[in-house]
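Below is one structure, written out as structure tokens; comments come after it.
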Amino acid sequence: MDKRLPPLLVAVFINIAGFSLILPLLPFYGQVFAANSFEIALLFAAYSLGNVFGEIFWGRKSDLWGRRKVLVVTTMLAGLSYVAFAYAPTLWAAIGIRVVSGFFSGTLSVAQGFIADVSAPEKRAKTMGYFGAAFSLGFAFGPVLGGVFAGEEVVAASFRLPIFIAGGLALLASAWCMAVLRDAVEPQGKGRPMPRYSEAFTFVSAQPLLSRLFVISFFGIAAFASMEAIYGLWSEANFGWSAHDLGFAFLAIGGGGLFAQLVLIGPLVARFGEARVIVIGLGLLALSMLLQPVIRMPVSGVLLMGVLMTGHSLAFPSAGALLSRNTPPERQGSIMGLLMASNAIGRIIAPPIFGLIYGSVGHDAPWYFGAAMIGLVVIIGMQAVRLLDQQRAAVDTN
């Protein structure tokens, strides 16, 4: 491992721990403003809306300023946005602050750019695995902090301490990047070109395999983000859980992702290939959603969310890797940019829709709806397996 990489991984861990610390609080913080299930889902979606613009803007700025400077500035401003969130006077102010926070936190492309700077192409997949592990570890650690330090009463004061801790972690990440992180390459002096989404869309639409991978990623990530949004409301209604309880439940989500990335995905891909691993991951997603309202027990409520994250962490890194490997080098930037934009749109529009389903159809309906949706996506995943098998057979016969 390049010696310049560990400081970035530490920064990713601290930053994701701060971001994920907020997640178990949102269903209860929204209730401070008498928000319904749709409005609480908007609190989740608002962050992703800011992320879309942040990833594009800060990715280009990191070419101009350098990765280190962008990470220092953005994590500091994200930390200040958490403080503002703790004192939001109204629900719509809180939603607006979440958009701003998402914008300043939209720096995964910057971190990935740093990884590309310090790792050779043949080692990049392994290096991205370290990145994923740091992300999942932060995701496992943060919600526990949020739950431990949240108060029992559903009032604004109960959530200010954990929100301040989230802001403090972001400021710590900023200070860490300033003190320890060093750019691997000099700033280029000009920003990368804006993604040409129209050209990328035309290219993807004409490729049967790529178009199916896009559909898989869009619906799968949309379903996962929606389950995150309604999980707190559902567990409160069924088990009487507070933010404290939900924080520990989120430990299973991060733990499932960490287990998948460190233990499962490498051997499974080596044995079955990415396409079949995508189908396995989607199957776990659908099964976990289907069983959640059927078993309806606190223990299963936690374990099945871990299975949900395991399936997510198997399917979507594999889909991204397969997409990249089947995309010409000259189109990598535009295609991967389109994939990030497509996934972000799913995270923006799906949670409010599932929030509406939760409030108007029934508390269990989002789980069944999500399982049915992913069940249909499994069929598309099996089509991708068949297309790849046909490609290999054609190569073997030539």
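The values are calculated or read from the model by the stated rules, or taken from the named source; none is laboratory data. Everything numeric in this text was worked out from a predicted model, so none of it was measured. Glycine gets a Cβ as well: all are built from the backbone with ideal geometry, and neighbour counts include every protein chain shown.
Summary table
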quantity	calculated
Which listed residue, of Ala365, Ala319, Ala372, Ala341, is surrounded by 18 or more Cβ atoms within 10 Å (Cβ to Cβ) and either under 18 Å from the mean Cα position of the chain (by Cα) or not assigned by TED's automatic domain parsing to the domain that holds Ile56 (or both)	Ala319
Residue among Leu287, Leu282, Leu314, Leu308 that alone is surrounded by fewer than 24 Cβ atoms within 10 Å (Cβ to Cβ) and touching a residue at least 12 places away in the same chain (Cβ under 8 Å)	Leu287
Residue count, region 195-249 (criterion: crowded, with 22+ Cβ neighbours inside 10 Å and outside any helix (DSSP H, G or I))	1
Residues (crowded, with 19+ Cβ neighbours inside 10 Å and of a type in the set (A, V, I, L, M, F, W, C)) located in region 353-362	Phe354, Ile357
Which listed residue, of Ile97, Ile40, Ile14, is buried (at least 22 other Cβ atoms within 10 Å of the Cβ), touching a helix residue (DSSP H, G or I) at 6+ places or on another chain (Cβ under 8 Å) and without any contact (Cβ under 8 Å) to a residue 24 or more places away in the chain	Ile97
Region 126-166, subset out of contact with any helix residue (DSSP H, G or I) (no Cβ under 7 Å at 6 or more places or on another chain) and part of a helix (DSSP H, G or I), residue modelled with the lowest pLDDT	Lys126
Residues of region 380-396 classified as surrounded by 12 or more Cβ atoms within 10 Å (Cβ to Cβ), farther than 10 Å from Arg212 by Cα and β-branched (Val, Ile, Thr), total	1
Options Ile40, Ile56, Ile14: the member that is closer than 27 Å to Ile253 by Cα and in contact with a Pro (Cβ under 8 Å, 6 or more places away or on another chain)	Ile40
